[in-house]
2 protein chains.
Amino acid sequence: MRNEPRSGCPINAAVESLGDPWSVVVLRDIIFGGRRHFRELLSGSEEGIASNVLSSRLKSFVAGGLLVREEAVRGQRARYSLTEAGIQTLPVLVALGSWGRVNRPTTPELTVRQQLLEDGGPELVAELMDELRHLHLGAPPVTGTGPSVMQRLQEAYESLQ
Amino acid sequence: MRNEPRSGCPINAAVESLGDPWSVVVLRDIIFGGRRHFRELLSGSEEGIASNVLSSRLKSFVAGGLLVREEAVRGQRARYSLTEAGIQTLPVLVALGSWGRVNRPTTPELTVRQQLLEDGGPELVAELMDELRHLHLGAPPVTGTGPSVMQRLQEAYESLQ
């Protein structure tokens, strides 16, 4: 990623940071799949991302301030965490998913979470961002009644497997 | 663009269609800049898009059903129009711009339209999509009082030049 965007336009600045299609699916898998380790991201990829592509995208996100890489400690693998800027990409992913759901071929089991997020509107997206702040930034847990947004998405996804 | 996405996920399907950063800025210039001809898109590019890159992105959008190329008639250049799928990328561009505005370096004159769209919320975005349907799809004009959304954005932009 370039440090200084090619222009002062916020749309251009965003796409320069988010980059290509592979970058976005890596972010998606970290956010919705809860995958924090290189191996999980590689083996779980629905699109079959290549090892070198995954590696370069993770490095680029760390350099660009969307991810933090927590160094491996004894017996544990390095773990990636979203930064606040990374968490704030969630509305972009939802907008992309909304477009893809209507305009491209998709499958029900990989669309149900998108549908739930759209139905819930910006409030549900904001709630999920707060849950991500707890999981990735160590912010206090979101206190609410009933299952978390992440659990509800996961249950809807599993009900179609 | 591949015809069949690599997976059934709507986010992946969207980024496969919208492609790389250059594709998105071309869409942006057609939507917000009202640039419908190759030469305008090339010479007006804030980011200095290269001629061959612009050409390949336009072809890819036509193949992917986001743009229609109206064949050149005597003495006129070929003109590009957004399809309904192309118009529906507007909320994605707004979400991208929203992220870029907060998380990346930008300039006031290229951010003011983004700010207006965010302030107006989904209703203003929907109104602008209706205006685009009139301009690109030949739908009936949007009847309202006062200047169009497009005019308001343009005035805000020009006030900072």
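Mind listing whichever residues of the stretch B:51-61 are surrounded by fewer than 15 Cβ atoms within 10 Å (Cβ to Cβ) and of a type outside the set (S, T, N, Q)? Answer for the stretch B:51-61, where residues must be surrounded by fewer than 15 Cβ atoms within 10 Å (Cβ to Cβ) and of a type outside the set (S, T, N, Q): just B:Lys59. For the stretch A:71-94, taking the residues that are part of a loop (DSSP other than H, G, I, E, B) and farther than 24 Å from B:Val102 by Cβ, the one that is nearest to the chain's Cα centre (by Cα) is identified as A:Ala78. Looking across the stretch A:95-114, the residues that are farther than 14 Å from B:Pro91 by Cα and part of a helix (DSSP H, G or I) come down to A:Pro108, A:Glu109, A:Leu110, A:Val112, A:Arg113, A:Gln114.
For A:Leu137, the criteria (1) under 30 Å from B:Thr83 (Cβ atoms); (2) in contact (Cβ under 8 Å) with a residue 40 or more places away in the chain hold in every case but one, which is (1). Do we have A:Ser55 as out of contact with any Pro (no Cβ under 9 Å at 6 or more places or on another chain) and within 25 Å of B:Val94 (Cα to Cα) here? So A:Ser55 fails the test. When B:Glu16 is tested against (1) closer than 27 Å to B:Glu127 by Cβ; (2) within 14 Å of chain A (Cβ to nearest Cβ); (3) among the acidic types (Asp, Glu), only condition (1) is not met.
If only residues of the stretch B:86-106 that are in contact (Cβ under 8 Å) with a residue 40 or more places away in the chain and within 7 Å of another protein chain (Cβ to nearest Cβ) are counted, the one that is surrounded by the fewest Cβ atoms within 10 Å (Cβ to Cβ) is B:Gln88. Among the numbered conditions (1) under 15 Å from B:Arg28 (Cα atoms); (2) surrounded by fewer than 21 Cβ atoms within 10 Å (Cβ to Cβ), the only one that B:Ala139 does not meet is (1). Only a single criterion out of (1) modelled with pLDDT of 95 or more; (2) more than 14 Å from every other protein chain (Cβ to nearest Cβ); (3) not in a helix (DSSP H, G or I) is not satisfied by A:Gly48, namely (2).
Is there a residue being away from every other protein chain (no Cβ under 12 Å), more than 16 Å from the chain's Cα centre (by Cα) and either in a helix (DSSP H, G or I) or at pLDDT below 95 (or both) anywhere in the stretch B:22-31?
Going residue by residue through the stretch B:22-31, those that are away from every other protein chain (no Cβ under 12 Å) are B:30.
Remaining after also requiring more than 16 Å from the chain's Cα centre (by Cα): none.
Checked the stretch B:22-31: no residue is away from every other protein chain (no Cβ under 12 Å), more than 16 Å from the chain's Cα centre (by Cα) and either in a helix (DSSP H, G or I) or at pLDDT below 95 (or both).
Note on the stretch B:115-161: among residues that are on the phi > 0 side of the Ramachandran plot and assigned to a loop (DSSP other than H, G, I, E, B), the one that is farthest from the chain's Cα centre (by Cα) is B:Gly146. Scan the stretch A:1-39 for residues that are within 25 Å of A:Leu110 (Cβ to Cβ) and without any contact (Cβ under 8 Å) to a residue 40 or more places away in the chain and the total you get is 11.
Condition check for B:Lys59 on (1) on the phi < 0 side of the Ramachandran plot; (2) within 11 Å of chain A (Cβ to nearest Cβ): one failure, at (2).
The values are calculated or read from the model by the stated rules, or taken from the named source; none is laboratory data. Here the structure is a predicted model, which means the values were calculated and not measured. Reconstructed Cβ throughout: ideal geometry from the backbone, glycine too, with neighbour counts over all protein chains shown.
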